[in-house]
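Written out below as structure tokens is the structure these notes cover.
The values are calculated or read from the model by the stated rules, or taken from the named source; none is laboratory data. Please read these numbers as outputs of a predicted model, since none were measured by experiment. Heads up, the Cβs are rebuilt from the backbone with ideal geometry, glycines too, and the neighbour counts pull from every protein chain shown.
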């Protein structure tokens, strides 16, 4: 081969690797390694090894990736090529990062950074700073992550490497997304997107669009999330980026799962799985299999859930993905501890949960550790080991406090760093901070879409909604209870109950309208419209009854029960007040829902005939005719009890 032919072959090899054509890349690489011209050209051979290392990296075959990156490192050390040594050290760092060996990853990144600084290679300096930032990001050390990302941007700007600037801006966007600072996340992702659009880097544009979709999904704005996922998918299909296609298909599947459209979710997961199997991307295959398990778990098809979780577990163990292993062990342990499951086996549940606990503590993943403690608390409670159950409950609460404390400290440090980084924009930052505080307060007391309309200056907000579901509940015997316990205990108990209801309401897309004493009112279909509002409201009601028995409320609230009423119909919704805003709904449907609740019985869900007809096609629910009753202000009505399907 002539030098020109070698360069053309290496360029083709690089392109095959970058477009997820991994089998073709491996075939060409093997051809080149057997070619005498390449064998006698150390620099070209290291390039082949590097591409092969990256290919195996993308295929989640990390031992192979280490093998080829180490071969390239050895050659570069032999010929004294320092920039090549730095590149290989960085690549090995990436491999250890993917193996969840973060100390080792930091060790190699730091060596690569020091060597790049020694030879004054600014691109290498910036790249390694960004990589170190990624590790700190994974470890939830957000202040350090932000510092390294910011340093990398400064150097990328010095050398005019816009691709690097965009990548680090995107990383910062992901960081703010993890901190639930969604406006800031969108701001940084948008900056990154604008740069990538200017330079026409389609693969990165698709990545930006997908990341923005994830932010909107976290904001429960599923239509907007689907819009961005679809745009990202179209670009990846256009450039034949199979890895990107699979990621977007998986994200769309998660979105449909969150919308409870499980057939659609499974359809998209299947498409993603086929592509990941085609390109041999084991990490992606494991994610898809776990997603299947999650859907079947939600559908209470525990045999299927266990089947897919087990497959995903085996692949994660094969590629040594400790985070994936810990998560799935927790999932399987939870199924074994579920009484309704045919797999109910407390010994096995204990085994899986303890294994998950060891890994989560090893990874210093406090959120996962708390999740396992919560499940072990439930397990011990089922076994009747109440002292141990209490011990796990206390551990869960302790780690929850640690997480909150650490997050508060990190946020404080990040805020200080942000101030330093944007020193020349102090005035703008102050103005922005005030706006964000106003926005945060509005979002806490009003639906997000309504708050945003007020912030944008809309004066009067009043709308009609043709078909929504209204939920009312109250606590049985609350008047007697309130007269027998201390006010502080009463308020604490109510707060625990209503906070739990708030979490479930968010899960199913209901909007809490108000609480009056022990009464809780929520609505589904306002202000965000859902076609399946009655199904969502029913699931919320069933879970509200269930969760009440799991709350730690103390002896005073022993055997506490609620009664629930459901009805659907048209309402008017809007803002009332000028100084203290309140979002409320009015209409006959609200009155009927209230009557359903007042005529309900302890621990039961009582619905109107109209509401019952809205959910009669869902096999997950059982409708039990109550017959005709006299309803104040409405006369005789046929009503129903609602229970879980059998």
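Quick rundown of the values:
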| item | result |
| --- | --- |
| Given (1) touching a residue at least 12 places away in the same chain (Cβ under 8 Å); (2) surrounded by fewer than 19 Cβ atoms within 10 Å (Cβ to Cβ), index of the condition residue 315 fails | (2) |
| Residue 118 over 30 Å from residue 402 (Cα atoms) and out of contact with any helix residue (DSSP H, G or I) (no Cβ under 6 Å at 6 or more places or on another chain) | yes |
| Answer residue from region 152-188, given it is without any contact (Cβ under 8 Å) to a residue 12 or more places away in the chain and either surrounded by 20 or more Cβ atoms within 10 Å (Cβ to Cβ) or within 16 Å of the chain's Cα centre (by Cα) (or both) and is nearest to residue 405 (Cα to Cα) among those | 181 |
| Odd one out for residue 584, checked against (1) surrounded by fewer than 13 Cβ atoms within 10 Å (Cβ to Cβ); (2) out of contact with any helix residue (DSSP H, G or I) (no Cβ under 8 Å at 6 or more places or on another chain); (3) more than 24 Å from residue 300 (Cα to Cα) | (1) |
| Residue selected from region 189-210 under the condition under 21 Å from residue 143 (Cα atoms) and crowded, with 23+ Cβ neighbours inside 10 Å, by the criterion nearest to the chain's Cα centre (by Cα) | 189 |
| Qualifying residue in region 594-607 (condition: outside any loop (DSSP other than H, G, I, E, B), without any contact (Cβ under 8 Å) to a residue 24 or more places away in the chain and surrounded by fewer than 19 Cβ atoms within 10 Å (Cβ to Cβ)) | no |
| Among residues of region 346-403, those that are outside any helix (DSSP H, G or I) and over 18 Å from residue 330 (Cα atoms), counted | 2 |
| Any hit, region 624-636, residues being closer than 25 Å to residue 549 by Cα, exposed (fewer than 13 other Cβ atoms within 10 Å of the Cβ) and modelled with pLDDT of 90 or more | yes |
| Leading residue by the ranking (farthest from residue 472 (Cα to Cα)) among those in region 506-518 that are in contact (Cβ under 8 Å) with a residue 60 or more places away in the chain and surrounded by fewer than 17 Cβ atoms within 10 Å (Cβ to Cβ) | 506 |
| Residue match in region 610-618 (condition: under 30 Å from residue 382 (Cβ atoms) and either surrounded by 14 or more Cβ atoms within 10 Å (Cβ to Cβ) or without any contact (Cβ under 8 Å) to a residue 60 or more places away in the chain (or both)) | yes |
| Any hit, region 541-564, residues being within 34 Å of the chain's Cα centre (by Cα), surrounded by 22 or more Cβ atoms within 10 Å (Cβ to Cβ) and in a strand (DSSP E or B) | yes |
| Elements of type helices (runs of 4 or more DSSP H) contained in region 237-318, each with 1 or more residues being within 24 Å of residue 64 (Cα to Cα), modelled with pLDDT of 90 or more and under 18 Å from the mean Cα position of the chain (by Cα) | 242-258, 282-298 |
| Cross-chain or 6+ apart pairs with Cβ under 6 Å, region 393-416 first and over 13 Å from residue 369 (Cα atoms), then surrounded by 14 or more Cβ atoms within 10 Å (Cβ to Cβ) and at pLDDT 70 or above | 410/142; 410/143; 413/143; 414/142; 414/143; 414/146 |
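Each row is one residue, and each column tells you yes or no for (1) in contact with a strand residue (DSSP E or B) (Cβ under 8 Å, 6 or more places away or on another chain); (2) under 21 Å from residue 478 (Cα atoms).
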{"position": "538", "(1), (2)": "yes, no"}
{"position": "543", "(1), (2)": "no, yes"}
{"position": "546", "(1), (2)": "no, yes"}
{"position": "568", "(1), (2)": "yes, no"}
{"position": "575", "(1), (2)": "yes, no"}
{"position": "584", "(1), (2)": "yes, no"}
{"position": "605", "(1), (2)": "yes, yes"}
{"position": "637", "(1), (2)": "yes, no"}
{"position": "645", "(1), (2)": "yes, no"}
